[in-house]
Each structure stands twice: as C-alpha cells, then as structure tokens.
1. Hey, among the residues in segment 71-116 that are of a type in the set (Gly, Ala, Ser) and touching a helix residue (DSSP H, G or I) at 6+ places or on another chain (Cβ under 7 Å), which one's modelled with the highest pLDDT?
2. Tell me which of these Ala91 doesn't satisfy, since it passes every other one: (1) more than 15 Å from Ile45 (Cβ to Cβ); (2) in contact (Cβ under 8 Å) with a residue 24 or more places away in the chain; (3) surrounded by 11 or more Cβ atoms within 10 Å (Cβ to Cβ); (4) hydrophobic (A, V, I, L, M, F, W, C).
3. For the list (1) farther than 28 Å from Gln25 by Cβ; (2) surrounded by 15 or more Cβ atoms within 10 Å (Cβ to Cβ), I need the number of the one condition that Arg112 fails.
4. Please state which one of Lys143, Lys159 is at pLDDT below 95 and assigned to a helix (DSSP H, G or I).
5. Among the residues of segment 49-84, count how many are of a type in the set (Asp, Glu) and exposed (fewer than 14 other Cβ atoms within 10 Å of the Cβ).
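The values are calculated or read from the model by the stated rules, or taken from the named source; none is laboratory data. All of these numbers come straight from a predicted model, not from anything done at the bench. We place every Cβ from the backbone using ideal geometry, glycine too, and count neighbours over all the protein chains shown.
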Amino acid sequence: MQLQQAVRNVFTQLTVSLDQLSAEQYKFSCAQLGNSTIGQHVRHIIEMFQCLENGYTTGVINYEIRKRDQKIEQDKGFAMQLLQEIHDSLAKEDKALILEGVYNDDSSDLMRFPTNYYREIVYNLEHTIHHMALIRVGLRSFKEIEVPETYGVAAATVKHNKSCAQ
C-alpha cells in the first residue's frame, strides 16, 4: 500500500535520527522545545498510532486517551522497536470508524464523528511530520547530529521546493 510506504519513509527518517542520539540526548530537556524532550515528542507520535490501532479493533478512536508511557520517552531503543511494530501493523483493510473526543477545554461533552482507517493513517502521518519539525529543532542543538533538509517537511512541500529549484 502506498500509504504504508509513506509512513515507512517518515519512520525511517525518524529512526535514523534517533539512532544518532545518545540516551542522554534523547532524554535532554531542550529549551527550544519548551523544555520538552525529543523522547516526549517520539512518545506522542507512537501513542497516537497506538490509539489508532486500538480504535481499529474497537471501532472507536479516541486520541485523548493515551498512556503517556514514560518508558517510550526514556528508552529510545524501545521507541524504535515500537515504530517498527506500528509500521508492520498498518497493512489492514480500510473500514469505517468513529472518532471521538472532547476537543473543547470549556466542556466535557464528548463529540463523535465518522471517519475511516485510511483517513486516520493520513492524519497520523501528517501529525508525525509536524512533530518531526519540532524534533528537528531539538536535533539542531546537537551539532554532531546530521539532519536532512527534508526532515519534518511534508511531501507536498518537498515536491514544491524541487519544482521551484528546476
């Protein structure tokens, strides 16, 4: 599936950057990231995909209900393993799902919307790219880490930039 390949490309880029980090750098509280860590951003990416996986089984996705698993944000090897497992689990049939959440900090009313599995993979892919743009800021604080120009940049922007360069 082409969508699965797009996720693989982004996860590969993310994994290559994580592989360059030391355990300390992965957990480093970065001022440029509002004192969050690269590990916290990676955890967030992973847990969003885990919510989708759970929602595929139950028929209802709720991205607000996440574990916030400290092990993911502390152990980059574990995080890299989970990224691989997530990618391997994406080759499923599309199906209708319900997206639910509160989405309003002034209310506790649960809202529900129809969606589907492939649409939510796209959402998570774009969400991952957004967080990778933030991770890129953190990576740049470590001079020895190589960050490709396309890291954390949407595919449409990469294509646009290439067409402008010609």
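1. Result: Ala79.
2. Among (1) more than 15 Å from Ile45 (Cβ to Cβ); (2) in contact (Cβ under 8 Å) with a residue 24 or more places away in the chain; (3) surrounded by 11 or more Cβ atoms within 10 Å (Cβ to Cβ); (4) hydrophobic (A, V, I, L, M, F, W, C), Ala91 violates only (3).
3. Against the list (1) farther than 28 Å from Gln25 by Cβ; (2) surrounded by 15 or more Cβ atoms within 10 Å (Cβ to Cβ), Arg112 comes up short only on (2).
4. So the residue among Lys143, Lys159 that is at pLDDT below 95 and assigned to a helix (DSSP H, G or I) is Lys159.
5. Residues flagged as of a type in the set (Asp, Glu) and exposed (fewer than 14 other Cβ atoms within 10 Å of the Cβ) within segment 49-84 amount to 1.
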